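Written below as structure tokens is the structure these notes are about.
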Amino acid sequence: MRYPENIPPDQLARHASDDMLLFTALLAVLIGFILIWLGRKGKQTWMVAWSIGLIICSVGMGGWLLLDGI
């Protein structure tokens, strides 16, 4: 399903805020650490690798949001 192309750009992000995105990044870091623990416990190397990637991306996005507000 495609979105209608006549939606104004200011309405596309009406309900998103930097605080909500920062919370999402912090939540993703927490989930990443939990998945690393589960991956090591279950000896699943792929889960550990993807979790480290999740943490790196989340820290990068959180840092970008914090530095963008300065």
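Taking the conditions exactly as written (modelled with pLDDT of 90 or more and in a helix (DSSP H, G or I)), does residue 65 satisfy them or not? Working first, answer last.
Values: modelled with pLDDT of 90 or more: no; in a helix (DSSP H, G or I): yes.
It is false that residue 65 is modelled with pLDDT of 90 or more and in a helix (DSSP H, G or I).
For region 50-70, what are the residues that are surrounded by fewer than 14 Cβ atoms within 10 Å (Cβ to Cβ) and in contact with a helix residue (DSSP H, G or I) (Cβ under 8 Å, 6 or more places away or on another chain)?
Passing the criteria: 66, 68, 69.
The values are calculated or read from the model by the stated rules, or taken from the named source; none is laboratory data. Here the structure is a predicted model, which is why all the values come from computation and not from measurement. Backbone-built Cβ (ideal geometry, glycine too); neighbour counts: all protein chains shown.
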